[in-house]
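The values are calculated or read from the model by the stated rules, or taken from the named source; none is laboratory data. Note that the structure is predicted; figures quoted are calculated from it, not measured. Glycine also receives a Cβ, built like all others from the backbone with ideal geometry; neighbour counts cover every protein chain displayed. Note: areas computed on protein heavy atoms with side chains; ligands, DNA, RNA excluded. Shrake-Rupley method; radii C 1.70, N 1.55, O 1.52, S 1.80 Å.
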Amino acid sequence: MTTEALFRQDAYLRQCEARITHIDETGIMLDRTVFYPLGGGQAGDAGTFVLADGTRLTIADTRKSKREGATPDDAVHVPAEGQADALAGLSVGDVVQAEIDWARRFRHMRFHTASHLMCAVLPHPVDGCSITTEYARLDFVTNDPIERETVEAGLAALIEAARPVAIDSISDEEMAARPELVRTMSVKPPVGLGRVRLVRIEGIDLQPCGGTHVANTSEIGALRVAKIEKKTSRTRRVVLAFA
């Protein structure tokens, strides 16, 4: 049974009631979840499961399932160490309240949307990215110099413009016919479910993405370029941090 990934349509959901569908040495799977699994450059969510008796089980990370037949939505919630007693009491079919670490997630959302803005400020192919709580890192395929002041000014203008961010989709077939939408060379579009999820920043950017984003660019807040470096002979790395 495929996990219902509630965060795909509403990244602002912080909790949900869910039923355990599978437990093994890798973690816990649910029939529905608000936890985003590591993927597309974005770190996985952490948080808490509240059990029926009130016990709180700490979830340290979320990963995609590697079970045969798993889809990109099938998330494995990885418990933190040192919780053997709580885990021993869990069974398939149990109902839990799944709650994400919202402060952590919201930083991911702000940085992820900022990384899409970067694709407008620096219109080069992207050959690697990482979205964490502390920074957003993008590797651009270019030999052109990248100026810190230009990047910061460009981002500030797009954030101040307060453009809405919306979720859209196209069919797998349409995605195959529009390769120009793919900006990231190192991450494949989230295909395989019949529809490809698109993130649209009004008048600025449109690209396939399975990650979580803010609803308006103004929510990103002030940014600074923490580092610009030559990563390889053909790539330049830009690291963003909150100002």
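So for Arg105, Arg56, what's the accessible-area order with a 1.4 Å probe, most first? Walk me through the numbers on the way to the answer.
Numbers: Arg105 0, Arg56 135 Å².
The most accessible residue leads, giving Arg56, Arg105.
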Please list the non-local residues whose amide H lies under 5 Å from the amide H of Gly128, H modeled 1.01 Å from N, same-chain partners needing a gap of 5 or more. Asp139, Met185, Ser186
What is the extension gain from Val92 to Tyr12, computed as 0.36 nm multiplied by their sequence separation minus the C-alpha to C-alpha distance, in nm to one decimal? 26.1 nm
Table column - 3J(HN,Hα) (Hz), the stretch 27-38, Karplus curve with 6.51, -1.76, 1.60, x for Gly and Pro: x, 10, 10, 10, 6, 7, 7, 9, 7, 7, x, 2
GNM on the chain, C-alpha springs below 10 Å: top fluctuator among Glu180, Glu134, Glu160? Glu180
For Thr3, residues with placed amide H under 5 Å, excluding near neighbours: Asp74, Ala75
Kindly report, to the nearest 10 Å², the accessible surface of Tyr135 as traced by a 1.4 Å probe over protein heavy atoms only. 80 Å²
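Can you check what the net charge comes to around Ala114, using other residues whose Cβ is under 12 Å from the Cβ of Ala114 (Lys, Arg +1; Asp, Glu -1)? Display every interim value, and only then the final one.
Working: positive: Arg107, Arg110, Arg137, Arg224; negative: Glu152, Asp205, Glu219.
That works out to +1.
What's the long-distance tail for the stretch 8-105, i.e. % of Cα pairs beyond 19 Å?
Details: 1608 of 4753 pairs.
Pairs farther apart than 19 Å: 34 percent.
Where the only charges are on Cβ atoms (+1 Lys, Arg; -1 Asp, Glu), what is the dipole of the chain about its Cα centre, to the nearest 20 debye? Write out the running numbers ahead of the final one.
Values: 29 positive and 34 negative charges, 146 e Å.
Rounded to the nearest 20 debye, it is 700 debye.
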Let me understand the stretch 46-96 better: what is its radius of gyration from the alpha carbons, and its Dmax, in angstrom? 11.9, 33
Amide H contacts under 5 Å for Val196, placed H, 5+ residues apart: Ile170, Ser171, Asp172
Compute the acute angle (0 to 90°) between the alpha-carbon long axis of helix 102-121 and the principal axis of greatest extent of the alpha-carbon atoms of the chain; round to the nearest 10°. 30 degrees
Per DSSP H run of at least 4 residues, take -39500 (n - 2.57); add these up for the chain, divide by its residues and hand me the 222 nm value, nearest 500 deg cm²/dmol. -5500 deg cm²/dmol
Under the Karplus relation 6.51 cos²θ - 1.76 cosθ + 1.60, θ = phi - 60°, what is the ordered set of whole-Hz ³J(HN,Hα) values for the stretch 53-63, x standing for Gly and Pro? 8, x, 4, 9, 9, 7, 9, 8, 6, 9, 10
Can you list the HN-Hα couplings for the stretch 210-225, worked out from phi with the Karplus curve (6.51, -1.76, 1.60; θ = phi - 60°), rounded to whole Hz and with x for Gly and Pro? x, x, 9, 9, 6, 8, 8, 4, 5, 6, 5, x, 6, 10, 9, 7
